[in-house]
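S.K.: For reference, the structure I am asking about is given below.
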Amino acid sequence: MLTVLVPWRPQPTRVPAFAAVKAWYAHNLPEAVIRVVDSDDEIFNLSRCRNLGVASIEDPSEVVVINDADTLPQKDALIEAIAAASGSGLVHLPYDEYHWLGSTGTAQYAGGAELDDCDFELVRGACSGVYVTTPETWWAHGGQDERFRGWGFEDAAWYLAHETLLGETPRRHHGRVYALHHKAEVREGPQYDANAALMERYRDAATSPEAMRALVRPAAG
């Protein structure tokens, strides 16, 4: 059995994407159990949902997939990452190309086109969408910082914490993920500014494991 943790709070424009994620797993990895995760935060907190999902796994050595509700992986790359994550002590990203399909590409996929044939925008440096990890590895670098509320910067901060505290960037596998279109979230305002300021602290702390541990410790509890 494979547990797939999906942070999710229903929003009308996101429902078709989440349905596509569930359909992808049902077709490609039918043994996977999708576990939907939300928190009691008034504003959706993606980092906290990911942490809550990992915290629900009893075996610290169990390999789990954390899959955003709008992102489809490639089967071979995902299976390779799952096999490698059990003993590496690192989080694995089952892709080295992140394709954002946008409204046009998403409509093409919904109409029956193969994912590789859909229009897309290549997102360079992407580090979100699908993670493969064990709870032990996740908590070894603090998980994700729940102080990032709303949208913005939580993935980039996590990436720096992983590299600084585990001595290596998350390990990528040759493959693609495909992000489906939905209404964009607002990335401005006081909370977004607070996220940006916290991200700057992560950049400063990336020069020192000690400084990074001190920064992530409040996030990890």
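S.K.: Using a 1.4 Å probe on the protein heavy atoms only, what accessible surface does L46 show? Give it in Å² to the nearest 10.
M.R.: Ignoring ligands and nucleic acids, L46 comes out at about 10 Å².
S.K.: Now a separate question. Regarding the chain, what is the average projected area of its C-alpha convex hull, in nm²? Don't jump to the answer; show the numbers that get you there.
M.R.: Details: hull surface 46.2 nm².
That works out to 11.5 nm², a quarter of the Cα hull's surface.
S.K.: State, as an integer percentage, the relative contact order of the chain based on alpha-carbon contacts under 8 Å between residues 6 or more apart.
M.R.: Working: 423 pairs, mean separation 54.7, N = 221.
The normalised contact order for the chain reaches 25 percent.
S.K.: Further, regarding this structure: Skipping prolines and chain starts, which residues have an amide H placed within reach, meaning under 5 Å, of the one on A32, given they are 5 or more residues away or on another chain?
M.R.: L2
S.K.: Are there GluC sites (Glu not before Pro) in segment 137-210 that DSSP marks as loop and that have at most 16 other Cβ atoms within 10 Å, and which are they?
M.R.: Sparse-neighbourhood loop GluC sites (Glu not before Pro): E168, E185, E188.
S.K.: Round to the nearest 10 and give me the degree value, 0 to 90, for the angle of helix 75-88's Cα axis relative to the longest principal axis of the chain.
M.R.: Tilt relative to the chain: about 20 degrees.
S.K.: Taking a probe of 1.4 Å, how large is the accessible area per residue of segment 78-208, in Å²?
M.R.: Values: 6110 Å² over 131 residues.
Normalised by residue count, the accessible surface of segment 78-208 is 47 Å².
S.K.: Write down the Kirkwood hydrodynamic radius of segment 87-153, to one decimal in angstroms, obtained as one divided by the mean of 1/r over all alpha carbon pairs.
M.R.: Working: mean 1/r = 0.0694 Å⁻¹.
Roughly 14.4 Å, rounded to one decimal.
S.K.: For segment 102-221, what's the radius of gyration and Dmax over Cα atoms, in angstrom?
M.R.: Every Cα atom of segment 102-221 included, Rg and Dmax give 16.7, 51 Å.
S.K.: Hey, another quick one. Rank by packing, highest mean first: peptides 63-69, 172-178, with packing defined as the count of other Cβ atoms within 10 Å averaged across residues. Numbers along the way, then the final one.
M.R.: Working: 63-69: 23.3, 172-178: 19.6.
With the highest mean Cβ count within 10 Å placed first, the list reads 63-69, 172-178.
S.K.: Over all directions, the average projected area of the alpha-carbon convex hull for segment 7-57 comes to how many nm²? Each step should come with its number before you reach the end.
M.R.: Working: hull surface 16.0 nm².
Averaging across all directions leaves 4.0 nm² for the Cα convex hull.
S.K.: Continuing with this model, one more query. For the residue pair Q191 and D41, what label-to-label distance in nm results when each label sits 7 Å from Cα along the Cα-to-beta-carbon direction?
M.R.: A separation of 0.8 nm, rounded to one decimal place.
S.K.: Please turn the phi angles of segment 91-108 into ³J(HN,Hα) values with the Karplus equation 6.51 cos²θ - 1.76 cosθ + 1.60 (θ = phi - 60°), one per residue in order, whole Hz, x for glycine and proline.
M.R.: 7, 10, 10, x, 6, 10, 9, 10, 9, 8, 7, x, 5, 5, x, 5, 5, 4
S.K.: Evaluate the Kirkwood expression for the hydrodynamic radius of segment 124-183, namely the inverse of the mean inverse distance over all pairs of different C-alpha atoms, and round to one decimal in Å.
M.R.: Computed over segment 124-183, the radius equals 12.9 Å.
S.K.: Check which residues have an amide H placed less than 5 Å from N45's amide H, if you skip close sequence neighbours.
M.R.: Amide H to amide H, under 5 Å and 5 or more residues apart or across chains, N45 pairs with S39.
S.K.: Rg/Rh for segment 16-93 to two decimals, with Rh computed the Kirkwood way over all alpha-carbon pairs. Show your work: numbers first, answer last.
M.R.: Numbers: Rg = 13.3 Å, Rh = 13.8 Å.
Dividing the radius of gyration by the Kirkwood radius yields 0.96.
The values are calculated or read from the model by the stated rules, or taken from the named source; none is laboratory data. Everything numeric in this text was worked out from a predicted model, so none of it was measured. All Cβ positions, glycine included, derive from the backbone under ideal geometry; neighbour counts span all protein chains shown. Note: areas computed on protein heavy atoms with side chains; ligands, DNA, RNA excluded. Shrake-Rupley method; radii C 1.70, N 1.55, O 1.52, S 1.80 Å.
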